[in-house]
Amino acid sequence: MTRWLLTGGRGMLGQDLSRAVEGIGDQVVATGSADLDITDRHAVREAVGDFDVVVNCAAWTAVDEAETHEPQAFSINATGAAHVARACAERGVRLVQISTDYVFDGTATTPYAEDTTQRPQTAYGRTKCAGEWAVRSLHPDALVVRTAWLYGAGGGNFVATMGRLAGERDVLSVVDDQHGQPTWTVDLADLVVRLVGAGAPGGYWHGVSAGETTWWGLARAVFEGAGWDPERVQPVGSEQFARPAARPAYSVLGTERLTAHGVTPVRDWADALREALPALLA
C-alpha cells in the first residue's frame, strides 16, 4: 500500500486530494501549517520519513498581500518547497509540487505550453516560480503540476463568493477581460492521483480544466446553474477592480503533455461546474 503525505493538506485541494487517495485504497496523512512548517528544514526532513509520495500543497496564496510581504511569501513558496524537494530526493520519495499559472506573464493569446519560459509579473508569481526552479534542481524526477482558478467545497473561492453575493446584491459587476480555466479541486486531485499512478516522468504538467472562459462567463454559469437570472451579472473591465497585484489577462494552460503520455486531461470546466454546484452552494 502506498503511503502519501500532503503538506498544506488541510486546504481546499488537500481535502479533496485526501479523499481521492483514500478512494484508491492508499494511506494518506494530511498536515496543516500548525502540524508541519515547511520553512523548517529539519521538521520537513523528519516528516517525510518513510512516505512513498509527498504532495506539496503548502503555499502562500494571498496574491495581493505578497506584493508587500514578498520575503514571507518566498520563505514558503520557494525556500519551503526547496526543503520538501531536498528531503524527498534524499529518501527517493516521489514528489508532486503544486504550482500556478502566475509563473507566466499573462500576455499570450494561445495556451501556454508546459515548456514555455516563465516570466512572472507579480511577487506571488516570482516566489512560486522560484519554488519551481528549486524543486526541478533538487529533485528532477518531481512532478510540477501547475493549476489555475481553483474552486472547491473546502475553502473560500470565486464560485462560493458568487453564491453569497447573489443573495446580497441585485446586480454584480464581474471582469470580462481576464481569461482562464476554472478548475474544480476534485478534478485536480483525481489528476494528481492518476499522474502518480501512471508513473509520469518528472517535469512540468498542467492540471486545469479543458476549455476557457472569463470571470464574467464563470459567474454567469454559476447563476445559470443555480437557476438565477444570469442577466444580473454585468461585464466590466479590469480597470474597475484595481488590485495591488496585476491579474493576468490570459491564463490558459495547454495540456498537450498529458495527452502525449496517455494521461486523460481534465474534463471541460462547464461540465465540472454543473456537478460541483450543489455542494458549493448548499
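The values are calculated or read from the model by the stated rules, or taken from the named source; none is laboratory data. Values in this document were obtained by computation on a predicted structure and should not be read as measured data. Here Cβ is always computed from backbone atoms with ideal geometry, including for glycine, and neighbour counts include all displayed protein chains.
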THR110 vs. criteria touching a Phe, Trp or Tyr at 6+ places or on another chain (Cβ under 7 Å) and not in a strand (DSSP E or B): no
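Can we say ASP50 is closer than 30 Å to MET1 by Cα, part of a loop (DSSP other than H, G, I, E, B) and over 17 Å from the mean Cα position of the chain (by Cα)?
On the way: closer than 30 Å to MET1 by Cα: yes; part of a loop (DSSP other than H, G, I, E, B): yes; over 17 Å from the mean Cα position of the chain (by Cα): yes.
The answer is yes for ASP50.
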Residues located in segment 176-222, provided they are among the hydrophobic types (A, V, I, L, M, F, W, C) and surrounded by fewer than 18 Cβ atoms within 10 Å (Cβ to Cβ): ALA198, ALA210
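Considering only segment 116-141, how many residues are in a loop (DSSP other than H, G, I, E, B), farther than 19 Å from ASP105 by Cα and in contact with a helix residue (DSSP H, G or I) (Cβ under 6 Å, 6 or more places away or on another chain)? Before the answer, list the steps.
Here is the first cut: in segment 116-141, the ones in a loop (DSSP other than H, G, I, E, B) are 116-122, 139-141.
Now drop any that are not farther than 19 Å from ASP105 by Cα, which leaves 139-141.
Narrowing further to those that are in contact with a helix residue (DSSP H, G or I) (Cβ under 6 Å, 6 or more places away or on another chain): 139.
Here the count works out to 1.
I'm checking my understanding of the structure. Among residues of segment 246-269 that are of a type in the set (Gly, Ala, Ser) and modelled with pLDDT of 95 or more, which one is surrounded by the most Cβ atoms within 10 Å (Cβ to Cβ)?
Start the filter on segment 246-269 by keeping residues that are of a type in the set (Gly, Ala, Ser), which leaves 246, 249, 251, 254, 260, 262.
Still in the running and modelled with pLDDT of 95 or more: 249, 251, 254, 260, 262.
On the way: ALA249: 17, SER251: 23, GLY254: 18, ALA260: 9, GLY262: 8.
Ranking the qualifying residues of segment 246-269, first place goes to SER251.
Quick test for you: out of VAL144, VAL208, pick the one residue that is assigned to a loop (DSSP other than H, G, I, E, B) and touching a residue at least 40 places away in the same chain (Cβ under 8 Å).
On the way: VAL144 fails: assigned to a loop (DSSP other than H, G, I, E, B).
Residue meeting the stated conditions: VAL208.
Report, by residue number, each residue of segment 148-168 that is over 16 Å from ALA276 (Cα atoms) and touching a helix residue (DSSP H, G or I) at 6+ places or on another chain (Cβ under 8 Å).
Of the residues in segment 148-168, the ones over 16 Å from ALA276 (Cα atoms) are 148, 165-168.
The answer is ALA148, ALA166.
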Checking GLY154 against (1) more than 27 Å from GLN121 (Cβ to Cβ); (2) at pLDDT 95 or above; (3) assigned to a loop (DSSP other than H, G, I, E, B), the condition it does not meet: (2)
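Among the candidates LEU165, LEU188, which residue alone is part of a helix (DSSP H, G or I) and under 21 Å from LYS128 (Cα atoms)? Can you show your working first?
On the way: LEU165 fails: under 21 Å from LYS128 (Cα atoms).
Exactly one residue qualifies, and that residue is LEU188.
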